[in-house]
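*Asks:* First the structure, then my questions, so here it is.
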Amino acid sequence: MLKGMLEGRGRIWWAAAIILMFLLPFILPRFYLYLLSIILLTGLLATSLNLVLGYGGIFQFHHAVFYGAGAYGTALILTRTGLSPWISFIVGPLVSAALGLIIGWVCIRLSKLYFAMLQISLGSLVWIIVYRWYSFTGGDDGIHGIPLPDILSSSNNAYYFTLAVTLICLFAMHKIVRSPFGSALQGIRDNPVRCEMIGINVKRHQLLALMIAGFFAGVAGSLFVVVDNTVFPDMLFWTLSLEICIMCLLGGWFTFLGPMLGAAIIIALRTFVSTYTTYWALVLGILMALVIFFLPNGVLGYVEEKIKKGFIEPVIKE
Amino acid sequence: MLEVKSLSKSFDGFKAVNNANLDVQKGEIVAVIGPNGAGKTTLFNLITGILRPDSGTVHFKGENITGLPPYKVCRKRISRSFQVVNIFPRLTVFENVQVSILSREKKTWNLFTPSSKLVTDETSQILENVGLVEKRDRTTALLSHGDRKVLEIAMALGGDPEFLILDEPTAGMAPEETARCIELVKSLSGKLGLTILFCEHDMEIVFGIADRIMVMVRGATIVQGSCDEVRCNEAVQDAYLGGSDVCLM
Ligand SMILES: Nc1ncnc2c1ncn2[C@@H]1O[C@H](COP(=O)(O)OP(=O)(O)OP(=O)(O)O)[C@@H](O)[C@H]1O
Ligand SMILES: [Mg+2]
């Protein structure tokens, strides 16, 4: 579907949507701009998870660790060193990619559910370290008022920066999904034994995928520093991981843009619901149950199915 | 070309393959036959590295390949198809074969060229050869069983093998599909000069296309020889037909 959307008329719609996104700061009040930035970077985070979850079939249930690692990497360089702030935006994601490689290397020898369990444990270990190491990470207080380069300090510019980086990252990930590596990854998701038998070194491909996913999660973390000027240990807590998994499922984990849509729905809903009730977790749980029962392929997966059906039927009738 | 010597493998003490011996010369078609549960599939799994043998050796073109992981075995130009259909259900027919070719050409580390621009001619060629070209854009979950079995073979061909292992290629096929499949196997041997090792329950097919036959019973090789030698071998009749006097077929 995405292919069709990127050609011909679809391309015009995309261009229009992106231009509109760039014009929004002139219309939207500051709070909504902030919310939109958070949606964008969380969508980026969910998309990076989906690279390994939906496309790779790897049960990376604790993905938020890489988001937090990227954010802390960036924040620590910004607050504790005199290095150029731009370097910090690269170091953050690289820290996440390295962590993705290490945790992935330890876990990848286990299959499916065991991978998930060990990955959650190791991720929680990282969380504990960040949470307890007051002198270095600021412990449970986190780090506040992180100094940013002047050009990013206005909320409009922070939004523009987030939007541009998110678009670039989505573009890059889309390329990766369509590349031979992406094909191999989807093959591994569908049938690892067969992949080995056609000559693919499954574990190495999975490791690279985990590194790439870690990297983009780290980018999302760095963007959070730009938008919010803070980092805190909850960014690595497993409940956030659960939430981004739900975003992928809700939006459609076999579609490229599903996780972004899922992020938009969940964050908008959370903002809305929490002004009325404190039972956000309950709402989330009910929502999840409904999705699993009624939209097993997610919202975008459902839409795609409908489009495909409407598209195929006339062809068959001819 | 392929030499298997006293290969054994047990599962929890049950000897699935117990002293199997096999040799296949270049250009031959060799069949492995044996009753259900004789260990044929397990033998193929041992040769291709999906399982590690407890003892014994596998040599391919003089090189010891015992216990190599499947992806390394594949790079020696050994490909196989599976008895139970083993394909990528969420990909299209075309993509299934394409991945196999991309892998052989070591292109799967390429992150930025669209797959849709790579190895398309070769993929189409293979689909043409096996007769799946009209169904190229279908998701494989929607294929008939017979077509999936053929796709199995097409994926194996994507590895441009010298040695092809087919595990019951015609199992579950309708008669006319079976006939087409047999023609395909014959042409792979004839036109492309592939060396083929296969197993099959249908004796008519076995005697129709095999140059030589290896008989397995309860994990052990009873005999390997030409069709005639096997047909009237007493041990084979004892084990395989419960001791009847007639020759097989
Ligand atoms: N992974 C496994 N774990 C335990 N037992 C196994 C395993 N694989 C095969 N077996 C057993 O080993 C024996 C040989 O199985 P195998 O599949 O090799 O037989 P086969 O000759 O291919 O039979 P068929 O003609 O039915 O395909 C069977 O009794 C089977 O139950
Ligand atoms: Mg079998």
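*Asks:* Can you check what the Kirkwood hydrodynamic radius comes to for region A:137-222, Cα pairs only, in Å to one decimal? List each step's numbers first, then the result.
*Replies:* Numbers: mean 1/r = 0.0633 Å⁻¹.
About 15.8 Å for region A:137-222.
*Asks:* Moving on to the next point. For region B:102-132, which residues drop by 30 square angstrom or more in accessible area between the chain on its own and all protein chains together (1.4 Å probe)?
*Replies:* Those residues are B:SER103, B:THR108, B:TRP109, B:LEU111, B:PHE112, B:SER115.
*Asks:* Mind checking which helices in chain A clear 24 Å along their axis (Cα) and have mean Kyte-Doolittle hydropathy of 0.5 or more, DSSP H runs only? Present the calculation step by step, with values, prior to reporting the outcome.
*Replies:* Values: long enough: A:30-53 (34 Å, 1.74); A:85-107 (33 Å, 1.87); A:112-132 (30 Å, 1.25); A:155-178 (34 Å, 0.87); A:202-228 (39 Å, 1.39); A:298-317 (29 Å, 0.12).
Sorted by number, the helices that extend far enough and score high enough are A:30-53, A:85-107, A:112-132, A:155-178, A:202-228.
*Asks:* In nm, to one decimal, how far is the B:LEU111 label point from the A:TRP86 one, both placed 7 Å along Cα→Cβ?
*Replies:* In this crude label model, B:LEU111 to A:TRP86 measures out at 2.1 nm.
*Asks:* Shifting gears a bit: Connecting C-alpha atoms closer than 10 Å in a GNM of chain A, tell me which of A:ILE120, A:ILE168, A:ILE27 has the biggest fluctuation.
*Replies:* Result: A:ILE27 has the largest fluctuation of those listed.
*Asks:* In the calculated pair distance distribution of the protein assembly as shown, what percentage of Cα-Cα distances lie above 37 Å? Provide the component values of the computation, followed by the final result.
*Replies:* On the way: 68984 of 160461 pairs.
Roughly 43 percent, rounded to a whole number.
*Asks:* Shifting gears a bit: From largest accessible area down, sort A:GLU304, B:GLU168, B:GLU63, B:GLU183; use a 1.4 Å probe on the protein chains.
*Replies:* Sorted descending by solvent-accessible area, the residues read B:GLU183, B:GLU63, A:GLU304, B:GLU168.
*Asks:* Connecting C-alpha atoms closer than 10 Å in a GNM of chain A, tell me which of A:SER135, A:SER88, A:SER121 has the biggest fluctuation.
*Replies:* Greatest mean-square fluctuation among the candidates belongs to A:SER135.
*Asks:* At most 13 other Cβ atoms within 10 Å and a DSSP loop assignment: could you name the chymotrypsin sites (Phe, Trp or Tyr not before Pro) in region A:21-120 that fit? Before the final figure, lay out each step's value.
*Replies:* On the way: sites: A:PHE22, A:PHE26, A:PHE31, A:TYR32, A:TYR34, A:TYR55, A:PHE59, A:PHE61, A:PHE66, A:TYR67, A:TYR72, A:TRP86, A:PHE89, A:TRP105, A:TYR114, A:PHE115; in loops: A:TYR55, A:PHE59, A:PHE61.
Passing both the DSSP loop test and the Cβ count: no residue.
*Asks:* With the solvent-accessible surface defined on protein heavy atoms using a 1.4 Å probe, which residues belonging to region A:153-177 display a reduction of at least 40 Å² in accessible area in the multichain context relative to the isolated chain?
*Replies:* Flagged in region A:153-177: A:LYS175.
*Asks:* In addition: Rg and Dmax of region A:47-187, Cα atoms, in Å?
*Replies:* Both quantities, over Cα of region A:47-187: 16.9, 47 Å.
*Asks:* In region A:3-308, if every C-alpha pair distance is counted and binned at 20 Å from zero, what percent goes to each bin?
*Replies:* 33, 60, 7
*Asks:* Within region A:145-159, find all residues whose amide N lies under 11 Å from a label point positioned 7 Å from the Cα of A:ARG30 along Cα-to-beta-carbon.
*Replies:* A:154-156
*Asks:* So how tilted is helix B:93-104 from the main axis of chain B? Cα-based, degrees 0 to 90, rounded to 10.
*Replies:* 80 degrees
*Asks:* Can I ask one more? Taking a probe of 1.4 angstrom, what is the accessible area of A:TRP253 in Å², to the nearest 10?
*Replies:* Taking all protein chains as shown, A:TRP253 has close to 60 Å².
*Asks:* Could you give the accessible area per residue of chain A, probe 1.4 Å, as a whole number in Å²? Spell out each step's value before the answer.
*Replies:* Values: 14940 Å² over 318 residues.
Per-residue accessible area for chain A comes out at 47 Å².
*Asks:* Right, another one. How do the peptides B:41-47, B:203-209, B:146-152 rank, highest first, by the average count of neighbouring beta carbon atoms within 10 Å per residue? All intermediate terms of the calculation are to be shown ahead of the outcome.
*Replies:* Details: B:41-47: 24.1, B:203-209: 16.1, B:146-152: 22.4.
Packing order, densest peptide first, comes out as B:41-47, B:146-152, B:203-209.
*Asks:* Sticking with this one: Quote the FRET efficiency, to the nearest 0.05, computed for B:ARG218 versus A:ARG132 with a Förster distance R0 of 56 Å and r equal to the Cβ-Cβ distance. Before the final figure, lay out the partial values.
*Replies:* Details: r = 61 Å, r/R0 = 1.08.
E(calc), rounded to 0.05, equals 0.40.
*Asks:* At a 1.4 Å probe, what is the % contribution of carbon and sulfur to the accessible area of region A:133-271? Spell out each step's value before the answer.
*Replies:* On the way: 3100 of 4610 Å².
Summing carbon and sulfur atoms, their accessible area is 67 percent of the total for region A:133-271.
*Asks:* Roughly how large is the B-A contact in terms of buried accessible area, totalled over both chains, probe 1.4 Å, nearest 100 Å²?
*Replies:* On the way: alone 12070 and 16370 Å², together 25680 Å².
Answer for the B-A pair: about 2800 Å² buried.
*Asks:* Let me have the 222 nm mean residue ellipticity of chain A computed from DSSP H runs of 4+ only, each contributing -39500 (n - 2.57), with the sum over all residues rounded to the nearest 500.
*Replies:* On the way: 16 runs with 246 residues, N = 318.
One gets -25500 deg cm²/dmol as the mean residue ellipticity at 222 nm.
*Asks:* Points 7 angstrom from Cα along the Cβ direction at A:PHE294 and A:LEU94: gap in nanometres?
*Replies:* Going by the 7 Å Cα→Cβ label model, 4.8 nm.
*Asks:* Next question, about the same structure. Out of A:ALA98, A:ILE77, A:THR137, whose Cα points farthest toward the positive end of the dipole of chain A (charges: +1 Lys, Arg; -1 Asp, Glu; placed on Cβ)?
*Replies:* Looking along the dipole axis, the top candidate is A:ALA98.
*Asks:* Another question, if that's okay. Go through B:LYS106, B:LYS135, A:LYS203 and list them by solvent-accessible area, largest first, probe radius 1.4 Å. List each step's numbers first, then the result.
*Replies:* On the way: B:LYS106 135, B:LYS135 55, A:LYS203 90 Å².
Heavy-atom accessible area, descending, gives B:LYS106, A:LYS203, B:LYS135.
*Asks:* Between A:ASN156 and A:ILE12, what is the label-to-label distance in nm when each label sits 7 Å out along the Cα-to-Cβ direction?
*Replies:* So the label points at A:ASN156 and A:ILE12 sit 3.0 nm apart.
*Asks:* What base-10 log of the normalised intensity I(q)/I(0) is obtained for chain B from the Debye formula, alpha carbons as equal point scatterers, at q = 0.11, 0.17 Å⁻¹?
*Replies:* Normalising to I(0) and taking log10 leaves -0.59, -1.31.
*Asks:* Cut-off under 27 Å on the C-alpha distance; same-chain residues fewer than 8 positions from B:LYS5 excluded. Which lysines are left, in chain and number order?
*Replies:* Output for B:LYS5: B:LYS15, B:LYS26, B:LYS40, B:LYS61, B:LYS72, B:LYS76.
*Asks:* Solvent-accessible area of B:TRP109, probe 1.4 Å, all protein chains present, reported in Å² to the nearest ten, please.
*Replies:* Around 120 Å² of this residue is reachable by solvent.
*Asks:* How much area per residue is accessible in chain B when the probe is 1.4 Å and only protein heavy atoms are counted (Å²)?
*Replies:* On the way: 10740 Å² over 249 residues.
With all protein chains present, chain B gives 43 Å² per residue.
*Asks:* Among residues other than A:ALA264 whose Cβ falls under 14 Å from its Cβ, what is the net charge (Lys/Arg +1, Asp/Glu -1)? Intermediate values should be presented prior to the final figure.
*Replies:* Values: positive: A:ARG270; negative: A:GLU243.
Value of the local net charge: 0.
*Asks:* Could you state the angle between the C-alpha long axis of helix B:145-158 and the longest principal axis of the C-alpha atoms of chain B, as a value from 0 to 90 degrees rounded to the nearest 10?
*Replies:* 80 degrees
*Asks:* Here is a follow-up. How would A:HIS62, A:HIS144, B:HIS201 rank on accessible area, largest to smallest, probe 1.4 Å?
*Replies:* Values: A:HIS62 0, A:HIS144 120, B:HIS201 70 Å².
The most accessible residue leads, giving A:HIS144, B:HIS201, A:HIS62.
*Asks:* What relative contact order, as a whole-number percentage, does chain A give when Cα pairs under 8 Å and 6 or more residues apart are counted?
*Replies:* Details: 472 pairs, mean separation 97.5, N = 318.
Relative contact order here is 31 percent.
*Asks:* Follow-up. How large is the charge dipole for the protein assembly as shown, taken about the Cα centre, if only the Cβ atoms of Lys, Arg (+1) and Asp, Glu (-1) carry charge, to the nearest 20 debye?
*Replies:* Values: 47 positive and 44 negative charges, 271 e Å.
The calculation lands at about 1300 debye.
*Asks:* What full-extension length gain, to one decimal in nm, is calculated for B:HIS145 and B:SER187 as 0.36 nm per residue of separation minus the Cα-Cα distance? List each step's numbers first, then the result.
*Replies:* Values: separation 42, 0.36 × 42 = 15.12 nm, distance 2.17 nm.
Stretched fully, the B:HIS145-B:SER187 segment lengthens by 12.9 nm.
*Asks:* Given only helices, namely DSSP H runs of n ≥ 4 each adding -39500 (n - 2.57), what is the per-residue ellipticity at 222 nm of chain B, to the nearest 500 deg cm²/dmol? Could you put the intermediate results ahead of the total?
*Replies:* Values: 9 runs with 87 residues, N = 249.
It comes out at -10000 deg cm²/dmol, rounded to the nearest 500.
The values are calculated or read from the model by the stated rules, or taken from the named source; none is laboratory data. Quantities reported herein were computed from a predicted structural model and do not represent experimental measurements. Cβ: placed from backbone, ideal geometry, glycine included. Neighbour counts: every protein chain shown. We work out accessible area using only protein heavy atoms, side chains counted, and drop any ligands, DNA or RNA first. Shrake-Rupley method; radii C 1.70, N 1.55, O 1.52, S 1.80 Å.
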